[in-house]
1. Answer rounded, prolate or oblate for the stretch B:113-192, using the Cα gyration tensor with square roots of eigenvalues a ≥ b ≥ c: rounded when a/c is under 1.5, else prolate when a/b is larger than b/c, else oblate.
2. Rounded to the nearest 500 deg cm²/dmol, what is the calculated helix-only ellipticity per residue at 222 nm for chain A, with -39500 (n - 2.57) per DSSP H run of length n ≥ 4?
3. At 7 Å along the Cα-to-beta-carbon direction for both residue A:383 and residue A:142, put a label point, then send me their distance in nm to one decimal.
4. When you look at the Cβ of every residue in A:325-333, what mean number of other chain Cβ atoms sits within 10 Å?
5. Once you place label points 7 Å from the Cα toward the Cβ at residue A:444 and residue A:264, how far apart are they in nm?
6. Given the options B:243, B:195, B:268, state which has the largest fluctuation in a GNM of chain B using a 10 Å cut-off (strictly under) for Cα springs.
7. Quick one: Cα centre-to-centre distance for the stretch A:304-363 and the stretch A:47-111, in angstrom?
8. What FRET efficiency comes out for residue A:413 versus residue A:110 if R0 is 51 angstrom and r is the Cβ-Cβ distance? Round to the nearest 0.05.
Amino acid sequence: MTSALALAGITKSFPGVRALKGVSFSLQPGEIRALVGENGAGKSTLMKILSGAYSADEGRIELFGEAVLDPTPAGMIARGVAVIYQELAQAPHLTVAENVLMGRLPCKGALIDWGEAKRRTMEVVDRLGFDVDPTARIGTLSIAKRQMVEIAKALARNAKIIVLDEPSAVLAQAEIDQLFRVVRQLARESGVAFVYISHRLREVFELSDTVTVLRDGTVIHNGPSNGLTTDDLIRSMVGREVGDVFPTRTPRIGEEALSAKGISTPALLKNVSIHVRKGEIVGLFGLAGAGRTELLRAIYGADPRGAGEVSINGAMASIGSPRAGITKGLGLVPEDRKTEGLFLIQSVGFNIMSASLAQIVRFGLLSLRRERKIVNGLIERLRIRTPNAAAATQNLSGGNQQKCVLARLVSAECEILLADEPTRGVDVGAKREIYDLLVELAEARGLAIVIASSELPEILGLCDRLYVLREGEVTAELDARTATEEDVMHFAALH
Amino acid sequence: MKNLPRGTGLAGALIVLIIAASLISPHFLNPINILNVLRQVALYGILGIGMTFVILTKGIDLSVGSTVALVGVTGAVLMEQGVPIPLMVLICIAIGALVGCVNGFGVSYFRIPAFIMTLGCMVMVRGFAMMIADGGTVNPGKLADNFFVLGGGYMLGVPTPIYVFAIVCIIAAVVLSFTPFGRAIYAVGSNEEAARLSGINVPLVIFSVYIICGVLAALSGLIFLSRLSVGDPNSGLGLELEAITIAVIGGTSLFGGEGTVLGTMGGAMVLAIIANILNLAGVSPFSQQVVKGAIIVLAVLLEAGRKPRK
């Protein structure tokens, strides 16, 4: 039997990073293959190669025995590959039928034949066994239904290979069960092959026939899911024993440093209250859209607050701008370091010093000698891998860029650190170094730290306490040392 | 080419131009001609420095040519009325600062695109100059010696504007490289949101660079007035393009965050030498415009080629 998909030696580099190194695997019709790996392992790059958004530097892609020589997004769709991203690429103002049949609506003369469009939509929707009004606008549907619409769209295009990017991350258990039922049914009855990306290992065993593990852009494991244990998988994902991922904590917790009460924003947050004490690391967990980023930004003064009060060291603080937040000792690691954190075209030194220039001013002028000293000290202390302090930040890897953001806050001597996804897109080694730094800042220097993350293991492994957010509200406050993933997901998932 | 240190291309272009110029015309290396070229460098360079500040923040200021005209006309009227020179100079500088304020206010606080805001000001300011001069030119009478020296005089055998330009360059270089304000300018131009989240007062920085640009345009207007001895509301036409070209040739990125005073000085020299060659070779002023326009496009194209692509 010809493979539905065969990848051989796929390699892809970006300036400074080898994202994929010789990735090979094949996929039979009707096979469900789980693709697992840590953030930065290369999953999303591989997915973009499958969708035709990136082209590989080296290697060969075959679809049903035929080599794809010049992959483009349109070409890959035409060959039956459908990639369904976590952030669904839908037009919220269009109807279900328009989305499902996008680009190929049936016409009568110059006009769209709506009756036929509805009929065709219902045909695929029925095949998936779910219920939706083809004239409903996408924006009014739940996330679970929107995913189904995406799958329906793939089917309407006769997709033979469907790539699902962490579809379960935003679903409740019942919805996950339904999704799995649909996936299994399509695989068994229609021979659709699936690449299922997830970092919930339980699902891997429940759903998949085979597993591919990526680490640092290389395939570490390729084989049937039967006979593997969760520990095996984690070991091959992180490349060492699980216990090593997070530093050991010996928290020394002091007085309350920051307290936010009744924070509301016009768009999302509803009466959110959190607090964090000196030396404490507090986690904020929630699914996409739960309001983690919005909460940190509202506290920091980056976005206008509708209502709410912030106290710092027990005193009311009015923080209407990041500038005001900084003078009160707040520091923010923004969610997206490239668009909000760094001056990419400027040097590493420029970025590190940019929030603490006052330290090196003598008689109104900057002392470049003192700057060099501070910057070199931080480069060494945070182990920022850069040729020198004058190198442009854009040439650094994600992990080292993130360390520049952190070095800036260390240099600015902030007392309360609000870190939004501090290890997003950071490779495994740098991740541990960032964890070590955060723990050191909390335990040795008494910083109060709030970490917002979409990675639950990170929150549970690093924090003392955590808040769970759902749709702009705090649904639980838990002890991170005793809480389990199930506990947290129970409060985080949509019902 | 991308691996060479920054400024290599510019320095190379300058050397090539100087050699070419001395081959084309034996008069080029004549000290009198050299001083003439340098005077030209100074006149346009001052505007180029102001423009560099604005472009560093990703902005643009199209009103500098009109400011030169308004300052020229106002200065002439004030002198005609017998206003003392120091007071006249102060008023003219204040006018430049005021135009900068209006531009800066619109761009930073009302978030009007710099191109539109300064285009509006360019037309308005030119209109004011016309109104003051009532359509004609203003003759301030014989210039007082202490004012004439600013544009037309010499010190130690070197035209005065060159000294003025040198002082402007030194101050500008110190501000950009050795003050927190200078760092803030680069930060805002590199990434406005990151600058805001780092606690930089972004609107104030943007506001300030337009004032700096306006003040330097006024200074340049005074030098022109001193040289021409007449206030002409039609003077300074197209100077904004000259200033932008100088900054861009000097390596200032129109995408913000990149550019140096030294580069802009080099840019001013390149442009002045090209104009001088064309003059010495007897090329008509109309053809010269074609060449200058082509240079702008070429400079921007080269810069676009230097940008890394995704």
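The numbers here are math on the coordinates, done by the rules we state, and not lab data. Since this is a predicted model, take the numbers as computed values, not measurements. As a convention, Cβ positions derive from the backbone with ideal geometry for all residues, glycine included, and neighbour counts pool all protein chains shown.
1. oblate
2. When only DSSP H runs of four or more count, the value is -9500 deg cm²/dmol.
3. Calculated label separation equals 4.5 nm.
4. Partner-chain Cβ atoms within 10 Å, mean over residues of A:325-333: 2.
5. Here the modelled spin labels are 4.4 nm apart.
6. B:195
7. So the two Cα centres are separated by 42 Å.
8. The pair residue A:413/residue A:110 has a calculated efficiency of 0.15.
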